[in-house]
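What follows is a single structure, written as structure tokens, with notes after it.
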Amino acid sequence: MRTGEKWIWSLIAIIALWAVGRALWQLGTQHEPDPGIPFYSTATPEITRAGSDLYRQLNCKNCHTLWTVRDMFQSVPAPALDGIGSLRDEQWFYNYFSAADPQTILPTRLKPQYRMPSYAHLDEQERRTLAAYMASLKVQDWYLDETRQAEYEKLTGKPYRPQ
Ligand code: HEC
């Protein structure tokens, strides 16, 4: 090889290395695409309609957040209900709504006027509908820990420390 040729080949090699390096660096620093909203519902249209009607009529949103809807003047630190169906099952919700004293099932840290009220006075069918609706409110696996942590902190008022 003549000196001129060597020089050109070296230049080409440097450019090629630079291009590969840059591509690898870009791959490494690329951001994950926005995964979107983690909450979804598995309810049938009938359960969704009946459940959200009850939810509205009974003013659950006075104390809870669901689908980011909450009372503007809300100051009750009740757990958000988005994804709650991934933390508990339908039978649990049914028992909870049917309990004369829900705090025996789930202890509270709040003053009486802010606590979860008893819905034992509702028809059985209405309690079943509410339970099915709650159980359908799911969260994607990648957001399950955050959901569990937020619930724990609302219920206890303490920072969450996984065991
Ligand atoms: C007066 C405020 C208030 C109202 C109204 C209310 N809740 Fe609650 N709810 C709470 C609080 C506070 C808790 C947490 C337990 C406690 O402190 O009693 C709770 C707990 C819950 C839980 C259990 C959450 C968990 O972490 O597992 C569910 C489910 C629930 N409520 C659903 C409802 C539904 C459905 C309605 C309407 C039918 C409703 N709540 C109405 C205040 C309220």
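The values are calculated or read from the model by the stated rules, or taken from the named source; none is laboratory data. Computed from a prediction, not measured in an experiment: that's the story for all the values here. In this analysis, Cβ positions are derived from the backbone assuming ideal geometry, glycine residues included, and neighbour counts consider all displayed protein chains.
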### Summary
The residue that is farthest from LEU144 (Cα to Cα), considering only those in segment 57-84 that are at pLDDT 95 or above and more than 9 Å from the ligand (Cβ to nearest atom), is ASP82
### Query
Does ILE37 count as more than 24 Å from SER136 (Cα to Cα) and either assigned to a helix (DSSP H, G or I) or at pLDDT 80 or above (or both)?
no
### Task
Taking the residues in segment 79-132 that are among the acidic types (Asp, Glu) and assigned to a helix (DSSP H, G or I) as candidates, determine which candidate is surrounded by the fewest Cβ atoms within 10 Å (Cβ to Cβ).
GLU124
### Query
If you scan segment 109-141, which residues turn out to be of a type in the set (Asp, Glu) and either within 11 Å of the ligand (Cβ to nearest atom) or more than 19 Å from TYR40 (Cβ to Cβ) (or both)?
ASP123, GLU124, GLU126
